[in-house]
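Peer 1: Please read through the structure below; I'll follow up with questions.
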Amino acid sequence: MTEHAVVSKDEWKAAVQAVHGREQELGKLDEEIAKQRQELPWVRVDKEYVFDTEDGKKTLVELFDGRSQLLIYHLMFGPTYEAACPGCTGLADGFDGALPHVNNRDTTLIAISRAPIEKLKAYKQRMGWTFPYVSSFDSDFNFDFVFALTEQQMSQGEMKKMVDEADDWLKDWADNVGTDLAHGMAEAPGWNVFKLEDDVVYHTYSRTAPDRFLLAPFYDQLLDQVPDGRSADFPLRRHDEY
């Protein structure tokens, strides 16, 4: 016998309508925030960045691939990792389906990680991805935009405390990606956005974790609609179980 509340159809309908009302409020707020993002001021990027890609070295401008907007997901896969973060992997699994629609709106979608390009190529093939996956291994890019911390930063202050006092689930996560906790936590996931106008690159927006909406895999949104939700009791897969 189910332990969940079971009611009449009329009671269910009233409860669903209450949820729909909240969902409409959320949708309206989401539209307002999207407009606010679009109206943010820009910062000119004058520093030259060079990345390793499957087609050789490319500058930040070249990553736009002929489009005027560049949408980057910073996928957690540091140089010492054996595999990418499981959460980031789940999110990236949805990129290929979105790619033609995003590209059609004058936007190039790519992922960037600090692991060497050979590691990224092998992981990309293993996961069956086709979207552009770029390495910033020899670049200051992730550090300059605060999507990675140096070893010195990780060894002092609040970050050192976080590593020393880490919960078991975080230690398990580091084991899952095949690295130690300090190197694992030195990477940050999130979105980074750039605009190209008259051969000048502008930084327009960025967002790092924690972030319920911009970092969650699409299937999380699907699972939020079913009674058991995301069922967080399921364990993370280790890097050698993908």
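Peer 1: Between Asp106 and Ser68, what length in nm is gained on full extension when 0.36 nm per residue of separation is reduced by their alpha carbon distance?
Peer 2: Roughly 13.1 nm would be gained on extension.
Peer 1: Calculate the FRET efficiency for Lys57 and Asp140 from the Cβ-Cβ distance with a Förster distance of 22 Å, rounded to the nearest 0.05.
Peer 2: Efficiency for this residue pair is about 0.90.
Peer 1: What does the highest-first list of 128-138, 70-80, 180-190, 100-110 look like by mean Cβ count within 10 Å?
Peer 2: 70-80, 180-190, 128-138, 100-110
Peer 1: Still on this model: For region 179-195, what does the Karplus curve 6.51 cos²θ - 1.76 cosθ + 1.60, with θ = phi - 60°, yield as ³J(HN,Hα) per residue in whole Hz, taken in order and with x for Gly and Pro?
Peer 2: Along region 179-195, the couplings run 9, 7, 5, 4, 5, x, 7, 6, 9, 10, x, x, 10, 9, 10, 9, 10 Hz.
Peer 1: Also, I was wondering about something else. Would you give the gap between the C-alpha center of region 81-150 and the C-alpha center of region 1-43, rounded to a whole Å?
Peer 2: So the two Cα centres are separated by 31 Å.
Peer 1: Another question, then. So what is the relative contact order for the chain, in percent, with contacts set as C-alpha pairs under 8 Å and at least six apart?
Peer 2: 25
Peer 1: Still on this structure, please answer the following. Once you place label points 7 Å from the Cα toward the Cβ at Lys35 and Ser155, how far apart are they in nm?
Peer 2: In this crude label model, Lys35 to Ser155 measures out at 5.0 nm.
Peer 1: Would you mind ranking Asp198, Asp52 by Cβ crowding within 10 Å, fewest neighbours first?
Peer 2: Taking fewest neighbouring Cβ atoms as first place, the list is Asp198, Asp52.
Peer 1: Could you tell me the relative contact order of region 17-97? Use alpha-carbon pairs under 8 Å, at least six residues apart, and round to a whole percent.
Peer 2: Relative contact order, region 17-97: 11 percent.
Peer 1: When Lys and Arg each count +1 and Asp and Glu each count -1, what net charge do the other residues less than 9 Å away from Ser139, Cβ to Cβ, add up to?
Peer 2: Around Ser139, the charge tally is -3.
Peer 1: Considering the chain as a Gaussian network with a 10 Å cut-off on Cα pairs, which listed residue, Lys124, Lys13, Lys47, attains the greatest mean-square fluctuation?
Peer 2: Top of the fluctuation ranking is Lys13.
Peer 1: To make sure I understand, if each residue's beta carbon is the centre and we count other beta carbons within 10 Å, what order do Tyr49, Tyr205 fall in, fewest to most?
Peer 2: If I rank by nearby Cβ atoms, fewest first, I get Tyr205, Tyr49.
Peer 1: What is the order of Asp164, Asp93, fewest Cβ neighbours within 10 Å to most?
Peer 2: Listing Asp164, Asp93 from fewest to most nearby Cβ atoms yields Asp164, Asp93.
Peer 1: Then there's this: Which residue, Glu11, Glu158, Glu54, has the most motion in a Gaussian network model of the chain that connects Cα atoms within less than 10 Å?
Peer 2: Maximum among the listed residues: Glu11.
No value in this document is a laboratory result; all are computed from the given coordinates. Owing to the predicted nature of the structure, the values given are computational and were not obtained by experimental measurement. In this analysis, Cβ positions are derived from the backbone assuming ideal geometry, glycine residues included, and neighbour counts consider all displayed protein chains.
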